[in-house]
Structures are given as C-alpha cells and as structure tokens.
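Q: Let me give you the structure first, and then I'll get to my questions.
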Amino acid sequence: MRIRRIAVVALAIAVVMTFALAVSAQTATTAYAIKGARIYTLAGPPVEGGILIIRDGKIAAVGGNVEIPAGAQIIDATGLEVYPGLFDPITQLGLNEVSAVSATVDISELGDYDPEIVAATAVNPASTHIPVTRASGITHVIAVPGSNTFDLGTGGMIGGQASAFHLAGWTMEEMEIKRSVAMFINWPSITTHTFDFTTFSFKDKPYADAKKEYDKTINEMGDLMDRARHYAQASEKGSPAQFERDLKLEALIPVVEGKLPVLVAAGRARDIRNAVEFCTKQNLKMILADGTEAWKVKDLLKEKKIPVILGPSQRLPGEEDDPYDRPMTLASELHAAGIPIAFASFGTAFSRRLPQYAGTAVAYGLPHEEALKAVTLNAAQMFGIADQVGTIEAGKVADLIVTNGDPLELQTQVRYLFIKGQLTSTDNRHRDLYEQYKGRPAAAH
Amino acid sequence: MRRPLLLAGILIGTLVPNRALAQAPGTILIQNATILTITHGNIEHGSILIRDGKIAAVGTDLKAPDGATVIDAGGQFVMPGIIDCHSHIAVDGSVNEGAPAVSSMARIPDVLNPDDVDIYRDLAGGVTVANILHGSANPIGGQTVVIKLRWGKSASELPFEGSMPGIKFALGENPKRSNFAPPPGVPQRYPATRMGVEEVIRQAFTEAREYKKQWGDYTQRKAAGEQNLMPPRRNEALEPLVEVMEGKRYVHSHCYRADEILMLLRVAKEFGFKVRTFQHVLEGYKVADEIAASGAGGSTFSDWWAYKMEAFDAIPYNAALMTDRGVVVSINSDDAEEATHLNQEAAKSMKFGGLSATDALKLVTLNPAIQLGIDNRVGSIDVGKDADLVIYNHDPLSVYAVPQKTLIDGQVYFDRARDIAHRADVEKEKQALIDKEKKAAEAEKKSEEKSPDKSEAKPEKKPAKKKPTTSGVAGDAR
C-alpha cells in the first residue's frame, strides 16, 4: 500500500510540474510579436510591415494580418528588416579558442581515419567565440572536425562527423540542431611540392612517389567503405555474437547507405574529379567543400548534382596567371551553371566575416537574393536541416535577425537576435572590453 | 633543364596582366564623379584635372584642356589611392631572419621583386602605396621601405622617392619565439620572455650610442686636423640604430599587448628616439592616451583576433577607440589578400565604434600617409598632391564597391575593363606555350627512343614555386 501511495504522490508532483512548465511556456518571454518590419522570408517575396509571431521557440506565423497572442512581447521593428539567421556551415567554432595555444584547440584528432568522432562532443558552449560571432548575425553553424584553418593543410583523411548547432544555449544538448550532419573527408591530393611550417621551407618529392601514396590512400578508403557495407549487412542479420563491434565501421554505415552526406574538401580540379569519381563509385552523397577550381569541373558537378560550399570569396587566385578576381567570381559562375552554392568561413575568428564573403560575391556578379540564400537556406538544404532552419516560415525554429539594413553590408547592425525563439543578447567579450576601456579615465602623463 | 626555365621566364614576362598599361604621364580629366577628397568633403559631379602626374585642379566646373584624356566616371566614386602601412608584397624570398635577435643589417630595399604578381592584385584592390616591412622574428628586425605599386616598372623605380627609411621592431610572442619551435638540434634563441625582448633592444641601443660617440669623436678630431687617425670599424647593424636616434629612420614596431607598448615607449625615452608607428597594436585601445601622448601612430587590423594568445583581447573597436583618444590610426593588411579590400576593412570601424565615413576612409588614406611622413605627397585629393587615385563603381565603404581604375602619378596602372578584355589573349598565349611544351616533350621522347644509349639522365621538371598563402593564422610576420 505504501508503494502505491508514493506512486500517487509522485504522479501528483509530476502533474503539477508539467502544469508549471506549461504556465511558464505561456509567459511573455516565450512569445514575441515583431511588428512593422520588412520581412525577408526567403520563401517568397518580402512581407512589408508584416507581423512575425514567435511562440515556444518556433515561428508561429508570418504575414500582414496575424493575430498577436495575449502576453506576447511586442517588438516594434518599424523601419527595420527581418532575415533568417545566418548560417556558417563549415567552422571550427567551439573547437578552437586561441589557434596558437594547442591546449585550447580540439579540431583534429590523430590518425588518418576517424569516422567515429563527433564534433559536438568537444564543442565548448562557453566559448568566447560564440557570442562574438552571433553578434554579427550568425545564429547557427556547423563545426567540422579535422578541418584545420582553411589554407594551412589538414589532419587525417576522414576527420569525423560534423555537428550543426545554434549559437546559444547552456549545454551542447540544448544547442544541437543535429549531432551528425555529415562525414568530413579531406580529399588527399597528389602533392609534390609542400610548404613545411616547422622548418619554414619547401619540400619536394617525385611525382611517382606522390602518386603511389595517393593510390594507397584511395585504396584504403575504398576498402574501408566496402568493409562498412559488409559490416552493415552483418549487423542487419542481427547476430552480434559472430563479430566484434567496430565503432569506426559502425559510424560509416549511414555514409555507405547514402543517409549521411560526405563533406569532401577539395580545391584543385583533379582532386575534385577524383573525389566525385570515388563518391559516385561508392554511391555516397557528396557535398564539395572549398572548390577553388570548381569552375573547371562545372559540368561534372552539375551532372552529378553535387552542391558546393565555397571557401572565402576573399582570397588570392591559385595560379599566378589566373584572373585576379577569379575567387570573387567563382560563386556567380557556379550559380549561373545551376550548381547549388553556400558560403562558409572555414574558420573560427573569421566566422563573423561570412556576410562580407557573400557581399563580395554579389559585387562580382552573384544575384543578391541568391547570396542571401547562400548564407541561410542553401546549406540547410545540403545538410538536410531545412525543415528546421533556413527560411522564415511557420513551424521552423525561430533563428532570425532584425537588422537596420542589408545583412551583407559592412555597416549593418543587428538590432535584435532570436535564437531558438529566444531574444538573445548581442553582448560579447569585444563589446565588454570596448565599454570598459572607453571608460578609462584620461591617463596621467 | 633549359626549356622549363625558359618557360618560367616567359610566364613571368608576359602572362601576368597588363604590364605595359601605364603610359607616359599626360593630361587627364576625370569627370562626373563623386569625389571623396578626405580633407574637404565630398564633391558631387566633380572633376579632377591631372597634369604631369599631379592633381592640378579639383572642382565641379573643370573643362578638359586640348589633348587631355577624359575619363568619364559618371555614377562612380573617386578616392585617394589606398596606403597599406604594413605589407610584405614585392619581397624576393622570406621576410624573416630567424637566427639573430638583432637583424638591423638586413635590408628589404635590396630584395624588392617588381615581378611579384601580388603587386598587381593589390593594385586591383585600389592600393597605390605600401610600407614594405621586414618580419617579426627579431626584437630589432630589418630595414624597411615605402613603395609605390608601379607594376611593370623595375625594382629601382618602386621606392617612394624621398620617403623616410624605416626599421622593423617586434615585441611579444614572435620575437620570443613562443609559437615557433626551433628545428631538432637547434638551441632556443634568446630572448624567450618579454623581459628579454626589452633587454635585447636596450643592449642594442647602448652599443649604438657608444658607436655613435666613437664616430662623433673621430669626426671631431679629424675636423680639428688630427693626422693618422683610424676611423672606427663600420657596423652595419648599429648604423640604422644611430639613424633612429638621429631621427633619420622611422621605427615601425610590431606589438600586441598594452604592457609591451609601454615598455617600448620607456626604452625610446631612455635612448632619445621616437616610435613612429605601433604595428598591429591590438591592445592599443587599452593605452591609447599613452600612445597619443608619445606622438606615435597606431596601425592595426580591422577584426582579426584569437589567432594567438596575445591577440585574444583584440577588438574590432580598436581603430575607433584609438582615434577617439587622439591617436593617428591606420588599418593595414599584413597580407597580400587582405590588402585587396582595405576599403571594406575601414568601413567596419563605422559599425564597430561609430567612426564617420570620412574618418573611416582616413584609416586607409590620409592617416597612413601621415604615419609614413608622406602626407605632403599623397593621402587626399588636393591640388599639388600626386595623382594616386582609385575609381570605384560604388561607395568604397560598401561591400559592393569594385575598383575600376587605379592611378599612380597620374598614370592608369590598373583598368578593370582592360584586364577583362586582355584575358582571352592570356589564355591563348598560355595554351600556345603548353602546346609547344607538349610538342617539344614528344619530340624529345621520340629522339630518345631512337638513341636509347643516351646516358644523360633526364632532369625532373620542377613545378613553379608557390608561396604559402598567409590568410588566416599563417605568417610568422603577423
């Protein structure tokens, strides 16, 4: 009898708690109405002076004639503009605090093949970079393990699983959009001439040796995929006693089944062609990262329907005789060829430059609306999270920014920031230091 | 070996863009533009008359003289050429001399490379003048030089005539080699702390002071008619430091933390020299009053941070905050790529810290000119100044602005339309060279097949050397 009584009390407490949660969910802090702004939904034409309702973390309604729920916090955004929050789909955010201090860096694991490691495990929710980055309008990102800073070379071949998350939350569990959105592969290059940062000098090796190394790597990687396929078949038969559990192969099952995309970093045309050939043969769902020379293999990318996440549009051409603006025109050229594109910073501290990269591509021919999609919706589609983020539509997570103008422009300020439907502060370490030292009394001389 | 070398020569000689574009200076009228003068406001529908490489007139009612070339810049913006106060372009080889802590004998002016394609790329980004600095591996680094980006001219025609020579100093993590382990078997170099950095500089100036005295004594005694005097032994490391103490050479000091900035100001006071610019100076905002009082300028990045520990307190408000406290501030690149959009980097100081449009543009025009002591010649659109100008298709403080033409000394060194028109020729020429190479290789192969006993080993063809790009964290220079 005693046990039953305890159960009843417990049930009663649970009911009360549920009710309490329900009550708190209806308080003013979880419902917002943004009024008077021009709303760029990116799912249709802009809504002039419309109303946007946010409730329980989601976008509840957008339109000209929308009822404001009782208790909603009303934000007068007259003269302002609303956009989906910006999305940086290749970063080391949370994995990298101070690049030169190795104790603060968790980007690349040792070993050539690390499919079982997951970025989300090491993302530090308290990273200083998170509030700094979101103050520039970036509301969600993907952290990619094994992707060292853009042009400094990289770790192993299979870097691990990339994780998508919102740039606000007390824990990574709260921040996660999707723990595993892609398997990252650093495509091996046939490299005969490399710069060695430890000795600060160039090192050469004969082409035949470089090619042999490359072939060996590709064979290994192909073999790994084949084994993962066999492992998947064995697992399906459900006889675990017959084989030992293998975490690496287990992690590759969704890859070989085409459920988890591979994010393949390759720049040179030859490397891109090789990567596409490999992924086609292995039946993998490929997203190209970097694509410096993607313009040379446009037809192939188009034919195979491979989207491209471009590195910073602001970089120098790969070759001395390339047109000086080649990196800036790349986005518009690929877009014109019908290849889906997105921009990424490939960095940590430079994540806040994402809109600048997109804006620069517009200056060199990319349509403005496409540039906006290339920092919001496009990458969300590539990684299969467009049901949650990427546009302003009812039912999606309310990651959005209210600005005083074009978010791709250099001087535009983010006035209000919503992440997971919460009005989120744009305060950050940089602004704190600014305020602190602005207030320093005049120095005595 | 002969052919690859020849090919490399041809590639450098002709395939690089628009080398012969600049012509003899004539009379040019740029008309219908929005002119951002920097010193006296913006002029709508304005014109600039250029004669003999100089700005001859600026106004709204200028007529093209007979024989003048007219550039119609309707709807476009003209501003002074961008001055990059921290650059490492046009240098043949590395900028660092890693072994000695004092490398003041190393001379950047001796290793200028006019064929560096980054000159052209930066020119295409509106840069007309750059302060070419030695690296930051040493507390006292090498000698520096200010150049104009006269693409196509020889090395001897690059230096900015009459500009003050400089010397690079460096404080903090780079000279103490925090992030650069020596190769195996090589001992660590002194200094390894900020205390040691100070001592290396003090020691060098103590020696330089003694050296100066020796020469002073010698000169005096010689002037007094003393016979059979032995002159002091010349010391090429100390001579530039004597020039620093005599105010004949500017000190451009790489630095990050507030404490090391104050350290150098103390040392400068002790030895009676001035620091001309603090470079990077990412914590300059913490000691802006002290920098302003010393008369030194601050040349910083727009928004780089966290690439190393001493860059962790870097804030994008630095330029604005130092400006508000009276420091002459510039925004520099330290990087061939970053230099191509310094106008954008300047614009960020409006967002972070609220500078006015003109004050933002000053960060990459007049202010660096002041810092380099060349503001009587460049940095604003004023009559009598050099016609170093950039024409943009939009307001240069917008991300959508693209440089259309860059002029130095009244000559068009970059023209976007001509660059684009020239591309087909470059492509054709490249293809012709590749075809020629292929044919020659085939012929060689055939002749080898005919004479298989040929003993000479075929040389391995080397790919062109490529510099490591330095975007992101890379350069030791930073």
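The values are calculated or read from the model by the stated rules, or taken from the named source; none is laboratory data. What you are looking at is a predicted structure, and each value in this text was computed from that prediction instead of being measured. Every residue, glycine among them, receives a Cβ derived from its backbone with ideal geometry; neighbour counts consider all protein chains shown.
Q: Looking at (1) in contact (Cβ under 8 Å) with a residue 60 or more places away in the chain; (2) touching a Phe, Trp or Tyr at 6+ places or on another chain (Cβ under 6 Å), which one does B:P232 not meet, given that it meets all the others?
A: Unmet for B:P232, out of (1) in contact (Cβ under 8 Å) with a residue 60 or more places away in the chain; (2) touching a Phe, Trp or Tyr at 6+ places or on another chain (Cβ under 6 Å): (1).
Q: Condition check: over 21 Å from A:E97 (Cβ atoms), at the interface with another protein chain (Cβ under 9 Å from one of its Cβ atoms) and of a type in the set (A, V, I, L, M, F, W, C). Does B:A306 satisfy that? Don't jump to the end; show me each part of the working.
A: Values: over 21 Å from A:E97 (Cβ atoms): no; at the interface with another protein chain (Cβ under 9 Å from one of its Cβ atoms): yes; of a type in the set (A, V, I, L, M, F, W, C): yes.
Criteria not met by B:A306.
Q: On the given criteria, is B:E270 touching a residue at least 12 places away in the same chain (Cβ under 8 Å) and either at the interface with another protein chain (Cβ under 10 Å from one of its Cβ atoms) or surrounded by 24 or more Cβ atoms within 10 Å (Cβ to Cβ) (or both)? I'd like the intermediate steps shown before the answer.
A: Working: touching a residue at least 12 places away in the same chain (Cβ under 8 Å): yes; either at the interface with another protein chain (Cβ under 10 Å from one of its Cβ atoms) or surrounded by 24 or more Cβ atoms within 10 Å (Cβ to Cβ) (or both): no.
No: the conditions fail for B:E270.
Q: Condition first: more than 14 Å from chain A (Cβ to nearest Cβ) and of a type in the set (S, T, Y). Now tell me which residues in region B:157-212 satisfy that.
A: Within region B:157-212, B:S163, B:Y190, B:T193, B:T206, B:Y211 qualify.
Q: Among the residues of region B:125-175, which ones are charged (D, E, K, R) and within 14 Å of B:S87 (Cα to Cα)? Spell out the reasoning first.
A: We begin by selecting, within region B:125-175, every residue charged (D, E, K, R); these are B:148, B:150, B:153, B:157, B:161, B:168, B:173.
Those that are charged (D, E, K, R) and within 14 Å of B:S87 (Cα to Cα): B:K148, B:K168.
Q: Scan region B:319-337 and report the pairs whose first residue is within 11 Å of chain A (Cβ to nearest Cβ) and whose second residue is part of a strand (DSSP E or B) and buried (at least 24 other Cβ atoms within 10 Å of the Cβ), with Cβ atoms within less than 7 Å and a gap of 6+ or a chain change.
A: B:M322/B:G298; B:M322/B:V329
Q: Considering only residues that are in contact with a Phe, Trp or Tyr (Cβ under 8 Å, 6 or more places away or on another chain) and without any contact (Cβ under 8 Å) to a residue 24 or more places away in the chain, which ones fall in region B:396-438? Explain how you work it out, then say what you get.
A: Step one: list which residues in region B:396-438 are in contact with a Phe, Trp or Tyr (Cβ under 8 Å, 6 or more places away or on another chain), which gives B:396, B:401-407, B:413-414, B:419.
Within region B:396-438, just B:V402 meets the criteria.
Q: While we're here: Could you list, in sequence order, the residues of region B:180-225 that are part of a helix (DSSP H, G or I) and among the charged types (D, E, K, R)? It would help to see each step written out before you state the result.
A: Restricting attention to region B:180-225, the residues satisfying the condition of being part of a helix (DSSP H, G or I) are B:194-223.
Selection gives B:R194, B:E198, B:E199, B:R202, B:E207, B:R209, B:E210, B:K212, B:K213, B:D217, B:R221, B:K222.
Q: If you don't mind, there's one more thing I want to ask. Mind listing just one residue for me: the one in region A:317-329 that is facing chain B (nearest Cβ under 7 Å) and modelled with pLDDT of 95 or more and, of those, surrounded by the most Cβ atoms within 10 Å (Cβ to Cβ)? Spell out how you get there, then give the answer.
A: Keep residues of region A:317-329 that are facing chain B (nearest Cβ under 7 Å), which gives A:320-321, A:323-324.
Subsequent filtering for residues that are modelled with pLDDT of 95 or more retains A:323-324.
On the way: A:P323: 18, A:Y324: 23.
Applying the filter and picking the extreme gives A:Y324.
Q: Here's a check for you: in region A:302-316, which residue that is surrounded by 24 or more Cβ atoms within 10 Å (Cβ to Cβ) and not in a loop (DSSP other than H, G, I, E, B) is nearest to the other protein chains (Cβ to nearest Cβ)?
A: Looking at residues that are surrounded by 24 or more Cβ atoms within 10 Å (Cβ to Cβ) and not in a loop (DSSP other than H, G, I, E, B), I get A:L310.
Q: Still on this structure: Being part of a strand (DSSP E or B), over 12 Å from the mean Cα position of the chain (by Cα) and not hydrophobic (A, V, I, L, M, F, W, C) is true for just one of B:G98, B:G142. Which residue is that? Please lay out each step first, then the result.
A: Numbers: B:G98 fails: part of a strand (DSSP E or B).
Result: B:G142 is the single residue among B:G98, B:G142 that is part of a strand (DSSP E or B), over 12 Å from the mean Cα position of the chain (by Cα) and not hydrophobic (A, V, I, L, M, F, W, C).
Q: Quick check on region A:331-344. Is at least one of its residues more than 14 Å from chain B (Cβ to nearest Cβ), closer than 27 Å to A:N96 by Cβ and surrounded by 18 or more Cβ atoms within 10 Å (Cβ to Cβ)?
A: Pass one, region A:331-344, residues more than 14 Å from chain B (Cβ to nearest Cβ): A:334-342.
With closer than 27 Å to A:N96 by Cβ added as a condition, the list becomes A:341-342.
Subsequent filtering for residues that are surrounded by 18 or more Cβ atoms within 10 Å (Cβ to Cβ) retains A:341-342.
Within region A:331-344 (the criterion being more than 14 Å from chain B (Cβ to nearest Cβ), closer than 27 Å to A:N96 by Cβ and surrounded by 18 or more Cβ atoms within 10 Å (Cβ to Cβ)), the answer is yes, since at least one residue qualifies.
Q: Of the conditions (1) within 14 Å of chain B (Cβ to nearest Cβ); (2) crowded, with 20+ Cβ neighbours inside 10 Å; (3) in contact with a helix residue (DSSP H, G or I) (Cβ under 7 Å, 6 or more places away or on another chain), A:T403 clears all except one; give me its number.
A: (3)
Q: Just to check your reading of the model, which residue among B:I381, B:I374, B:I370, B:I391 is away from every other protein chain (no Cβ under 14 Å), in a helix (DSSP H, G or I) and among the β-branched types (V, I, T)? Working first, answer last.
A: Values: B:I381 fails: in a helix (DSSP H, G or I); B:I374 fails: in a helix (DSSP H, G or I); B:I391 fails: in a helix (DSSP H, G or I).
Result: B:I370 is the single residue among B:I381, B:I374, B:I370, B:I391 that is away from every other protein chain (no Cβ under 14 Å), in a helix (DSSP H, G or I) and among the β-branched types (V, I, T).
Q: Let me ask something additional. Does at least one position in region A:201-210 carry a residue that is more than 14 Å from every other protein chain (Cβ to nearest Cβ), farther than 28 Å from A:I341 by Cβ and among the hydrophobic types (A, V, I, L, M, F, W, C)?
A: No, because not a single residue in region A:201-210 is more than 14 Å from every other protein chain (Cβ to nearest Cβ), farther than 28 Å from A:I341 by Cβ and among the hydrophobic types (A, V, I, L, M, F, W, C).
Q: Let me spell it out: the conditions are (1) free of Cβ contacts under 8 Å to residues at least 40 places away in the same chain; (2) within 10 Å of chain B (Cβ to nearest Cβ), and A:P367 meets all of them except one. Which number is the exception?
A: Going through the list (1) free of Cβ contacts under 8 Å to residues at least 40 places away in the same chain; (2) within 10 Å of chain B (Cβ to nearest Cβ), A:P367 breaks only (2).
Q: Out of the residues in region B:158-214 that are over 19 Å from A:V101 (Cα atoms) and among the β-branched types (V, I, T), which is surrounded by the fewest Cβ atoms within 10 Å (Cβ to Cβ)?
A: So, considering only residues that are over 19 Å from A:V101 (Cα atoms) and among the β-branched types (V, I, T), the one surrounded by the fewest Cβ atoms within 10 Å (Cβ to Cβ) is B:V186.
Residue by residue, here is whether (1) assigned to a helix (DSSP H, G or I); (2) within 11 Å of chain B (Cβ to nearest Cβ) holds:
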{"position": "A:E174", "(1), (2)": "yes, no"}
{"position": "A:S180", "(1), (2)": "no, no"}
{"position": "A:T191", "(1), (2)": "no, yes"}
{"position": "A:T217", "(1), (2)": "yes, no"}
{"position": "A:L224", "(1), (2)": "yes, no"}
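Q: Right, here's the next one. I'd like the full set of residues that are surrounded by 12 or more Cβ atoms within 10 Å (Cβ to Cβ) and away from every other protein chain (no Cβ under 12 Å), limited to region B:425-442.
A: Matches in region B:425-442: B:K436, B:E437, B:A440, B:A441.
Q: Right, next: State whether the residues of region B:430-439 include one that is closer than 24 Å to A:Q314 by Cα and either out of contact with any strand residue (DSSP E or B) (no Cβ under 8 Å at 6 or more places or on another chain) or modelled with pLDDT of 95 or more (or both).
A: Applying the first criterion (closer than 24 Å to A:Q314 by Cα) to region B:430-439 yields none.
No; the residues of region B:430-439 include none that is closer than 24 Å to A:Q314 by Cα and either out of contact with any strand residue (DSSP E or B) (no Cβ under 8 Å at 6 or more places or on another chain) or modelled with pLDDT of 95 or more (or both).
Q: Which is closer than 26 Å to A:S127 by Cβ and within 13 Å of another protein chain (Cβ to nearest Cβ), of A:Q388, A:Q436, A:Q422?
A: Details: A:Q388 fails: within 13 Å of another protein chain (Cβ to nearest Cβ); A:Q422 fails: within 13 Å of another protein chain (Cβ to nearest Cβ).
From the options A:Q388, A:Q436, A:Q422, the qualifying one is A:Q436.
Q: Quick check on this structure: which one of A:P131, A:P115, A:P89 is of a type outside the set (G, A, S) and part of a helix (DSSP H, G or I)?
A: Numbers: A:P115 fails: part of a helix (DSSP H, G or I); A:P89 fails: part of a helix (DSSP H, G or I).
The unique qualifying residue is A:P131.
Q: Sticking with this structure for a sec: Can A:T139 be described as among the β-branched types (V, I, T), in contact (Cβ under 8 Å) with a residue 60 or more places away in the chain, within 14 Å of another protein chain (Cβ to nearest Cβ) and within 22 Å of A:Q422 (Cβ to Cβ)?
A: No.
Q: Restricting to region B:285-303, name every residue that is among the small types (G, A, S) and within 10 Å of another protein chain (Cβ to nearest Cβ).
A: Applying the first criterion (among the small types (G, A, S)) to region B:285-303 yields B:288, B:292-299, B:302.
Of everything in region B:285-303, those that are among the small types (G, A, S) and within 10 Å of another protein chain (Cβ to nearest Cβ) turn out to be B:A288, B:A292, B:A293, B:S294, B:S302.
Q: May I ask you to list the residues in region B:404-424 that are more than 11 Å from chain A (Cβ to nearest Cβ), surrounded by 12 or more Cβ atoms within 10 Å (Cβ to Cβ) and in a helix (DSSP H, G or I)?
A: Across region B:404-424, the qualifying residue is only B:R418.
Q: Output the number of the condition that B:P231 fails; it satisfies all remaining conditions of (1) surrounded by 11 or more Cβ atoms within 10 Å (Cβ to Cβ); (2) more than 24 Å from the chain's Cα centre (by Cα).
A: (1)
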